[in-house]
Amino acid sequence: MREPYDIESLAGDVQETVRRHPDDREREHAESVRCIEEGRPFSMDYRMLTKDGRVMWVHDEDRVIRDEEGGVRSWQGVIVDITERKEAEQQNTEILESVTDGFVAWDSDWRYTYVNARAGEMFGRKPEDLVGKRDTYVLRVRGDSMIDEQIRDGDFVIVEDRRTADNGEMVIALLNGNAATMKPRWWRASSF
């Protein structure tokens with residue numbers, strides 16, 4: 001477990017921008033400005049530097065305190081050291097990116113929380129374009145009608161909500177409002 005940081009262990013000047021990691025300053029500043037303009041709370045993870053040069057990840061939750069004229073009087077909030085969590089997330093990401101299969105994770109509302117590069121390739125999209133979105137569903141297969149496609153009874157399939165499909169791609173069709181079938185899509189050119 002890490003020892004808590006005191007204010008003296010943080011790098012240099014008392015000004016916030018001096019302690020921020022150089023790569024996070026612009027992003028943090030832009031979000032601060034948006035929060036002031038939109039009147040909403042600030043919530044962000046970013047890096048800070050300690051006097052000895054170590055990188056420290058923090059989660060910062062703040063709100064603006066305004067004066068009588070509506071100007072910014074001060075910020076009120078809390079900053080929490082999340083370095084260990086970020087290091088664990090990085091280790092997990094490295095492991096998941098080394099997997100040769102597609103891997104995704106969802107939250108309880110079926111929004112993507114993680115998509116590795118291989119899964120992004122399989123979906124034909126960038127992983128970062130999928131995270132936070134909910135345009136896929138998981139269906140459990142019943143029956144062996146897709147055995148030739150290596151899809152067996154009891155397997156789970158990931159279904160992407162799209163409006164188009166190319167020849168040979170699997171499509172899901174709703175039957176009678178309560179069942180679905182999965183088949184490859186094949187269109188033939190009209191002969192007339």
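The values are calculated or read from the model by the stated rules, or taken from the named source; none is laboratory data. No experiment lies behind these values; they were computed from the predicted model shown. Virtual Cβ from ideal backbone geometry, glycine too; neighbours counted across all protein chains shown.
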Which of the residues belonging to region 23-51 are assigned to a loop (DSSP other than H, G, I, E, B) and either modelled with pLDDT of 90 or more or under 19 Å from residue 82 (Cβ atoms) (or both)?
-> 23, 24, 40, 41
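Name every residue in region 97-136 that is part of a helix (DSSP H, G or I) and within 23 Å of residue 46 (Cβ to Cβ), in order of residue number.
Across region 97-136, the qualifying residues are 97, 127, 128, 129.
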Scan of region 77-96 for residues that are assigned to a strand (DSSP E or B) and surrounded by fewer than 11 Cβ atoms within 10 Å (Cβ to Cβ), ordered by number = 78
Pull up region 30-76, narrow it to residues that are in contact with a helix residue (DSSP H, G or I) (Cβ under 7 Å, 6 or more places away or on another chain) and among the aliphatic types (A, V, I, L, M), then point me to the one that is surrounded by the fewest Cβ atoms within 10 Å (Cβ to Cβ).
-> 72
Checked region 154-175 for anything outside any strand (DSSP E or B) and either touching a Ser or Thr at 6+ places or on another chain (Cβ under 9 Å) or in contact (Cβ under 8 Å) with a residue 60 or more places away in the chain (or both); matches are 161
Region 95-153 - residue that is under 12 Å from the mean Cα position of the chain (by Cα) and among the basic types (Lys, Arg) and, of those, nearest to residue 181 (Cα to Cα) = 134
Please indicate, with yes or no, whether at least one residue in region 128-148 is under 30 Å from residue 33 (Cα atoms), surrounded by fewer than 11 Cβ atoms within 10 Å (Cβ to Cβ) and in contact with a Phe, Trp or Tyr (Cβ under 8 Å, 6 or more places away or on another chain).
-> yes
